[in-house]
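Working notes for the structure below.
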Amino acid sequence: MSFMSVQLARQRDDEDRAVTVRPSATSILAIDSFDRYKDAAESQFGRASPYSFNIARNQNILTGFFKRIALTEIVFPWYIPNINNSTSTMKLIYNGGAEDVVDIPIGFYTPTQLAAVLQFVLRPLTNVDTTVVYGDTGQFVIDVQAGNTILLFPPVSAGDSFSLFDILGGYDDWFAGGDQELIGKMTRCRYTEYVDIVCSQLVANQSLNDFSTTILPRNILARIYLETENDQPNPVLIGAVATNAVDTVPGCFPFTIYRQFANPKQIKWNNTQPIGNLQFEVLDDRGALLTSSNFFVGGVSQDFLLPDWRFTLLVSED
């Protein structure tokens with residue numbers, strides 16, 4: 001047999017032993033907080049918060065022999081004011097007198113705007129030309145006329161661990177007298193630094209749990225930080241004009257968080273188990289259920305008025 005014949009025979013033999021490899025099948029599972037309602041008609045009368053809800057169907061949401069779920073993108077409109085019912089007040093004692101309540105109107109404030117409003121609120125309480133500024137160092141500075149004293153502290157009667165005192169960067173009992181100034185810690189002047197999206201049903205099959213340095217670690221579907229990504233333009237203020245760079249901090253005005261994950265979280269799944277009803281919760285950076293805490297009518301939350309959020313999962317065979 002010639003050399004050429006031997007080469008051709010070997011090539012045909014290699015081709016006979018070749019194995020065809022195909023990519024794993026992948027499907028999209030799209031989830032929208034609006035789907036807590038079965039249809040548009042029900043949504044007109046529904047009162048479920050987009051931050052705590054169930055998606056329940058008469059049949060499984062997804063059935064198939066898949067082994068992995070991956071979160072690939074999320075869209076989360078941010079409409080929680082940084083000054084809300086829990087962050088709008090603190091206590092004040094001026095010149096050793098009676099205790100007063102400092103109460104800021106609820107709404108979105110850039111740091112510069114908050115300084116101006118706080119100054120407006122403090123002056124009648126102190127009866128002097130108290131000044132408040134927010135500098136480029138990210139610190140609030142409160143100055144009263146010489147010979148006077150001012151003491152600021154959290155609204156302990158409210159029993160809330162996060163208040164206007166914290167938004168301003170206060171520490172201990174924030175006190176100044178004589179010619180001193182109150183200078184707070186560096187603060188970004190926002191209600192929360194991130195939100196955790198929790199769905200125990202989607203992470204139930206994880207062998208490796210999620211961990212966090214927070215006091216109450218939990219398995220989470222996603223942690224979304226209130227930041228814009230490097231390749232995104234700075235957000236445009238709605239109804240306000242930024243006076244300096246510090247006034248473009250996300251969370252001090254309405255904006256939309258969009259994330260597309262280049263390396264999505266891979267969630268193990270039991271391939272004999274379908275995806276059925278799902279329960280979602282969105283938590284703030286203190287582990288509390290996210291809520292505007294502003295909209296209450298007759299003691300009933302009106303958070304259902306807040307915008308919906310949505311995300312995309314990829315479901316894969318392996």
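Figures for the structure shown
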quantity	calculated
For residue 169: the one exception among (1) closer than 14 Å to residue 91 by Cβ; (2) under 24 Å from the mean Cα position of the chain (by Cα)	(1)
Within segment 75-86, tally of residues that are modelled with pLDDT of 90 or more and in contact with a helix residue (DSSP H, G or I) (Cβ under 8 Å, 6 or more places away or on another chain)	2
Subset of segment 75-117 [surrounded by fewer than 20 Cβ atoms within 10 Å (Cβ to Cβ), aliphatic (A, V, I, L, M) and closer than 30 Å to residue 313 by Cβ]	75
Matching strands (runs of 3 or more DSSP E) fully within segment 139-212 where at least 2 residues are in contact with a Leu (Cβ under 7 Å, 6 or more places away or on another chain)	140-143, 148-153, 174-178, 194-198
Failed item, numbered, when residue 167 is tested on (1) more than 25 Å from residue 253 (Cβ to Cβ); (2) touching a residue at least 60 places away in the same chain (Cβ under 8 Å); (3) among the β-branched types (Val, Ile, Thr)	(1)
Residue match in segment 34-48 (condition: within 30 Å of residue 164 (Cα to Cα) and in contact with a strand residue (DSSP E or B) (Cβ under 9 Å, 6 or more places away or on another chain))	yes
When residues of segment 52-74 are limited to those that are among the polar types (S, T, N, Q) and at pLDDT 90 or above, the one surrounded by the fewest Cβ atoms within 10 Å (Cβ to Cβ)	54
Residues of segment 27-51 classified as surrounded by fewer than 18 Cβ atoms within 10 Å (Cβ to Cβ), in a loop (DSSP other than H, G, I, E, B) and in contact (Cβ under 8 Å) with a residue 24 or more places away in the chain, total	3
Cross-chain or 6+ apart pairs with Cβ under 7 Å, segment 185-208 first and in contact (Cβ under 8 Å) with a residue 12 or more places away in the chain, then part of a strand (DSSP E or B) and among the charged types (D, E, K, R)	194/223; 196/223; 198/281; 205/268; 206/268; 207/268
Per-region count, segment 128-153, residues at pLDDT 90 or above and under 25 Å from the mean Cα position of the chain (by Cα)	3
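Matching residues to (1) touching a Pro at 6+ places or on another chain (Cβ under 8 Å); (2) over 25 Å from residue 292 (Cα atoms):
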site	(1), (2)
137	no, yes
144	no, yes
149	no, yes
156	no, no
166	yes, no
172	no, yes
181	no, yes
184	no, yes
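The values are calculated or read from the model by the stated rules, or taken from the named source; none is laboratory data. Treat the numbers as computed from the prediction; the structure is a model and nothing was measured. A quick note on method: Cβ atoms are made from the backbone with ideal geometry, for glycine too, and the neighbour counts reach across all protein chains shown.
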